[in-house]
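A.B. asks: Starting off with a structure, shown below.
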Amino acid sequence: MFKMISGWLREDEFHNFVEITYDKSQVHGWGLYRVKEKLRVLKREIRVWNKGRSDKWKERALSLEKDMAK
């Protein structure tokens, strides 16, 4: 399964990250197998990318909670 967080789409660097990661993954085999494996690699790399930004998301959520409490 591949989960997608809509907030990622608002980040300019996410689009470049996905494109570069997908293109640089070298997989050999028939067509659909390559797509499946490239998506598997992309999923793993997005997890790492997202963990590096989890603090940013937490700060944003706390900021929004404070704004809503006003």
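The values are calculated or read from the model by the stated rules, or taken from the named source; none is laboratory data. A quick note: this is a predicted structure, and the numbers were derived from the prediction, not measured. Glycine gets a Cβ as well: all are built from the backbone with ideal geometry, and neighbour counts include every protein chain shown. Heavy atoms of the whole protein, side chains included, go into the accessibility calculation; ligands, DNA and RNA do not. Shrake-Rupley method; radii C 1.70, N 1.55, O 1.52, S 1.80 Å.
A.B. asks: Only one of (1) closer than 23 Å to Phe14 by Cβ; (2) open to solvent by 60 Å² or more (accessible area, probe 1.4 Å); (3) not polar (S, T, N, Q) fails for Trp30. Which number is that?
C.D. replies: Going through (1) closer than 23 Å to Phe14 by Cβ; (2) open to solvent by 60 Å² or more (accessible area, probe 1.4 Å); (3) not polar (S, T, N, Q) one by one, Trp30 breaks only (1).
A.B. asks: Here's something else I'd like to know. Which condition breaks for Glu37 when tested against (1) open to solvent by 60 Å² or more (accessible area, probe 1.4 Å); (2) in contact with a Gly (Cβ under 9 Å, 6 or more places away or on another chain)?
C.D. replies: Result: Glu37 passes all but (1).
A.B. asks: Suppose we filter the range 15-43 for residues that are within 29 Å of Leu64 (Cα to Cα), free of Cβ contacts under 8 Å to residues at least 24 places away in the same chain and not polar (S, T, N, Q); how many remain?
C.D. replies: 1
A.B. asks: Filter the range 1-38 down to the residues that are under 27 Å from Lys58 (Cα atoms) and of a type in the set (A, V, I, L, M) and list them by number. Write out each step before concluding.
C.D. replies: First, the residues of the range 1-38 that are under 27 Å from Lys58 (Cα atoms): 1-21.
Within the range 1-38, Met1, Met4, Ile5, Leu9, Val18, Ile20 meet the criteria.
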